[in-house]
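To keep things clear, I will list the structure first and then write my remarks on it.
The values are calculated or read from the model by the stated rules, or taken from the named source; none is laboratory data. Model, not experiment: these values are computed from the prediction. Reconstructed Cβ throughout: ideal geometry from the backbone, glycine too, with neighbour counts over all protein chains shown. Just so you know, the surface numbers come from the protein's heavy atoms only, side chains and all, with ligands and any DNA or RNA stripped out. Shrake-Rupley method; radii C 1.70, N 1.55, O 1.52, S 1.80 Å.
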Amino acid sequence: MKPSNDWTVFLPSLLLVVLLGGGLIAYPEQGSHLTSLAMDFVTGQIGWLYLILGGVALIFAGWLAFGPYGNVLLGPEGEPPEYGELHWIAMMFTAGIGGSMIAWGVAEPLSYLQTPPFGIEPHSADALEWAHVYPIFHWGIIPWAFYAIPAVPVTYMLYIKKTPMMKVSAACESAFPLTKHPVASRLIDVIIALGIVGGTATSLGLGVPLVSAIIAELFGVVDNFTSKMTVLILWTVIFGASAYRGLKKGIKVLADFNMILAFAALLFVLVFGPTLFILKLTVNTGGLLIDNFFRMAFWTDPISRSGFPEAWTIFYWAWWIAFAPFVGLFLGRISRGRTIRQIILGIIGWGTLGTTTFLSIIGGYAIYLAKTDTLPVEEILAQAGMAVVTVQAINHLPGGNVALMIFLVLCVIFYATTLDSAAYTIASVCSKNLPNDQEPPRISRVVWAFALALLAVGLIATDRIKIIQASTVVFSLPLLPVLILMCVSLVKWLKADFGTTTK
């Protein structure tokens, strides 16, 4: 049968997205207030649960990779992986992180200088060191473990069970049979679609202002709401067209090109920036991270109650969880022919290496600017925001306009690969009769590309970074039980198909 829309999932999901986006556009103040209240509740009352789940995710990923089922091949015996290693890494990295790293790369370490963890004095030598450590921690091994775990049951579902649909509810089949709970299974897929939309729209809410600010600096135009909407419209057309073309013709080509460009951009900053300072700071950061990893992973600050874990670590874990089903579905689709060990170690290993390299260089450069007062980056951040401070820091490099142009292209394609991957994945969740070698209906992919843009308009209309953060936290909450069901279902499948041990 030909793939078609599953209207019982498609229509409720689309309606809710339209209502949420329209509500934020029509009532930005009220929307800001409600999302702030929801974020304060989640981070303040159950933030500890997110930290525990981060540790559990890492342990479970380790068990999958090095336990009895690590050698299980997820695909036909003797068939090579569908995508070569470099193509697989490029799509994994650009779909999993996108341009959000660029948006936060300069601003995050500068924020830690003003509000450092562990009661450290602001702007002190210790604050400078920890400002480099925490971004690498927040974008490192635990986030990629969140991504790796759902990728395995999805790959197993598609290429071992050969389920003719790309739905998270189907990946929960063993723990939560669909035939016995049809309404609940539809609800799971609607929750997944909304979670993907929320997490991706958050990325758009960060990326559009950044691209608008770069264009304003390069071409001397005014950076305002109109310019941001123009960027968003053009962007939507770009990633909508890519999503329409499909996985191999659109997303793969963009991802490959962007990995080359990202390497060139990092090399540019490292060579023309404070090279020795960045290298020494990165080595120092490695030692601090190894010494304090578990303290950082489980720090709730119950005595001083500074708010640091809630504002940063818990927010980030919620963000990764909001993205996890999307990335898991996408990575599951492109991981045929790999063993469980290869998938887990590939995602966590290559992902962590990429984010660590990027944030070591960009974050080190930002800290150098603050430490030497070469550029008043902290004042720019406080007065003009994340996008402007990122633009000014890049523009301060030798050949600033050239660097800005490189980062502009990098941002546009990074976000395009993330967002067209999201549109592709949501369309798959909202489809039926979708074998693993076919793609969801084209019109559905385009509709979801524009739906993502609509919600992003609502978030940009609030013009507050906290609201953008809050939306992610809120969307992540209902995904927690779904991810647990996926893990339980995977273990049951493995035991039923392979017993308690494998060769």
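When both residues are 6+ apart or on different chains and their Cβ atoms are under 8 Å apart, which pairs have a first residue that lies in segment 362-391 and is touching a residue at least 60 places away in the same chain (Cβ under 8 Å), and a second that is among the hydroxyl-bearing types (Ser, Thr, Tyr) and surrounded by 24 or more Cβ atoms within 10 Å (Cβ to Cβ)?
Listed by first residue and then by second, the contacts come to Ala387/Ser212.
Taking only segment 284-330 into account, find how many residues are outside any helix (DSSP H, G or I) and of a type outside the set (Val, Ile, Thr).
First, pick out the residues of segment 284-330 that are outside any helix (DSSP H, G or I): 298-307.
Subsequent filtering for residues that are of a type outside the set (Val, Ile, Thr) retains 298-299, 301-302, 304-307.
Here the count works out to 8.
Among the residues of segment 40-50, is there at least one that is closer than 22 Å to Val152 by Cβ and touching a residue at least 12 places away in the same chain (Cβ under 8 Å)?
Among the residues of segment 40-50, at least one is closer than 22 Å to Val152 by Cβ and touching a residue at least 12 places away in the same chain (Cβ under 8 Å), which makes the answer yes.
When segment 172-203 is examined, which residues are found to be open to solvent by 10 Å² or more (accessible area, probe 1.4 Å) and polar (S, T, N, Q)?
Ser174, Thr179
Every residue, every condition in (1) assigned to a helix (DSSP H, G or I); (2) modelled with pLDDT of 75 or more, yes or no:
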residue	(1), (2)
Ala451	yes, yes
Gly458	yes, no
Gln469	yes, no
Trp493	yes, yes
Asp497	yes, yes
Thr501	no, no
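So which pairs qualify, if the first residue must be in segment 258-283 and on the phi < 0 side of the Ramachandran plot, the second must be assigned to a loop (DSSP other than H, G, I, E, B) and surrounded by 15 or more Cβ atoms within 10 Å (Cβ to Cβ), the Cβ gap must be under 8 Å, and the two must be at least 6 apart or on different chains?
Phe268/Leu397; Val269/Leu397; Phe272/Leu397; Gly273/Leu397
If I go through segment 300-332 residue by residue, how many of them are in contact with an Asp or Glu (Cβ under 9 Å, 6 or more places away or on another chain) and within 30 Å of Ala90 (Cβ to Cβ)?
1
Suppose the filter is crowded, with 20+ Cβ neighbours inside 10 Å and in contact with a Gly (Cβ under 7 Å, 6 or more places away or on another chain); does Tyr424 pass it? Reasoning before the result, please.
Working: crowded, with 20+ Cβ neighbours inside 10 Å: yes; in contact with a Gly (Cβ under 7 Å, 6 or more places away or on another chain): no.
In short, no.
Please find, among Val237, Val221, Val231, Val197, the residue that is of a type outside the set (Lys, Arg) and either in contact with a Gly (Cβ under 6 Å, 6 or more places away or on another chain) or modelled with pLDDT of 85 or more (or both).
Testing whether each residue is of a type outside the set (Lys, Arg) and either in contact with a Gly (Cβ under 6 Å, 6 or more places away or on another chain) or modelled with pLDDT of 85 or more (or both) leaves just Val221.
Is there a residue in segment 163-185 that is assigned to a helix (DSSP H, G or I) and touching a strand residue (DSSP E or B) at 6+ places or on another chain (Cβ under 8 Å)? Working first, answer last.
Of segment 163-185, the ones assigned to a helix (DSSP H, G or I) are 168-171, 182-185.
Imposing the further condition that a residue be touching a strand residue (DSSP E or B) at 6+ places or on another chain (Cβ under 8 Å) reduces the set to none.
Checked against the condition, which is being assigned to a helix (DSSP H, G or I) and touching a strand residue (DSSP E or B) at 6+ places or on another chain (Cβ under 8 Å), segment 163-185 yields no hits at all.
Quick check on my filter: what residues within segment 29-78 are assigned to a loop (DSSP other than H, G, I, E, B) and hydroxyl-bearing (Ser, Thr, Tyr)?
Step one: of segment 29-78, the residues assigned to a loop (DSSP other than H, G, I, E, B) are 67-72, 75-78.
Selection gives Tyr69 alone.
Which of the residues spanning segment 131-171 are of a type in the set (Val, Ile, Thr), open to solvent by less than 10 Å² (accessible area, probe 1.4 Å) and farther than 30 Å from Gly105 by Cα?
Answer for segment 131-171, where residues must be of a type in the set (Val, Ile, Thr), open to solvent by less than 10 Å² (accessible area, probe 1.4 Å) and farther than 30 Å from Gly105 by Cα: Val154, Thr155, Val168.
When you look at Leu34, is it surrounded by fewer than 21 Cβ atoms within 10 Å (Cβ to Cβ), without any contact (Cβ under 8 Å) to a residue 40 or more places away in the chain and either among the hydrophobic types (A, V, I, L, M, F, W, C) or closer than 20 Å to Leu204 by Cβ (or both), yes or no?
yes
Select from segment 72-88 the residues that are over 14 Å from Ile160 (Cα atoms) and open to solvent by less than 30 Å² (accessible area, probe 1.4 Å) and write down the one among them that is modelled with the lowest pLDDT.
Residue satisfying both the conditions and the ranking: Tyr83.
How many of the residues in segment 108-130 are open to solvent by less than 40 Å² (accessible area, probe 1.4 Å) and among the polar types (S, T, N, Q)?
2
Please count how many residues of segment 40-71 are surrounded by fewer than 19 Cβ atoms within 10 Å (Cβ to Cβ) and closer than 20 Å to Gly499 by Cβ.
The total comes to 6.
Under 6 Å by Cβ, and 6 or more places apart or on different chains, what pairs join a residue from segment 8-31 that is in contact (Cβ under 8 Å) with a residue 24 or more places away in the chain with one that is assigned to a helix (DSSP H, G or I) and open to solvent by 70 Å² or more (accessible area, probe 1.4 Å)?
Filtered contacts from segment 8-31: Thr8/Arg186; Val9/Arg186.
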